[in-house]
Amino acid sequence: MGRCCLNCPISLVCISEVQANGKIKNALLFSTDIHLPPEQIIEYYQARFQIEFIFRDAKQFTGLSDCQARHLPRLDFHFNASLIALNLAKHQLYSCPSSAKSFVFSMASYKRLEFNKHLLCTFIDKLDLDPDLILNHPNLPSVLSYGTLAA
């Protein structure tokens, strides 16, 4: 337990991780609740960062901050629609049979994947290609995932 400029006692948790280049990366987490066990503090910080990822993705990809309404019910609808769009994208990607055991969601990758599917369907349609030949090709997943982020 240490003291800092908060003028109250804090619990401090230090997480050290050895990186691939041999350097040590430290993360300092603290709580003003000195009775919280270190595992609980870590769990709270992990949940906090997950929430921050949700809001970041909603602002960047589903227009969370793009509403011009001023009435509370309309703002509620807009915020709910934005967050629902994000959750539906996450659910659709999670429920794919190709989802790995350690599921990592990236809205940027999801957007790229859906764009690639749409572009491929446009090529098939406009160039009168055989859809069965293309959609059943063994390299289709690597073509569709072109430009997505590696997990």
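Below, the figures for the structure above:
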item	result
Segment 65-96: trypsin sites (Lys or Arg not before Pro) in DSSP loop, at most 14 other beta carbons within 10 Å	Arg70
Label-zone membership for segment 60-75, site Ala108, 7 angstrom Cα→C-beta point, backbone N under 19 Å	60-65
Members of Lys23/Lys59; Lys59/Lys90; Lys59/Lys117; Lys25/Lys111 lying beyond 22 Å, as alpha-carbon distances in this model show	Lys23/Lys59; Lys59/Lys117; Lys25/Lys111
Rounded to 10°, Cα long-axis angle of helix 107-126 versus longest principal axis of the chain	0 degrees
Virtual spin-label span in nm between His137 and His71, 7 Å along Cα→Cβ	5.1 nm
Accessible surface of the chain, 1.4 Å probe, proportion on carbon and sulfur as whole %	59 percent
Relative contact order (%) - segment 16-145, alpha-carbon pairs under 8 angstrom, separation at least six	14 percent
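The values are calculated or read from the model by the stated rules, or taken from the named source; none is laboratory data. Note that the structure is predicted; figures quoted are calculated from it, not measured. When we count neighbours, we look across all protein chains shown, and the Cβ atoms used for this are built from the backbone with ideal geometry, even at glycine. Quick note on the areas: whole protein, heavy atoms, side chains included, nothing else; ligands and nucleic acids left out. Shrake-Rupley method; radii C 1.70, N 1.55, O 1.52, S 1.80 Å.
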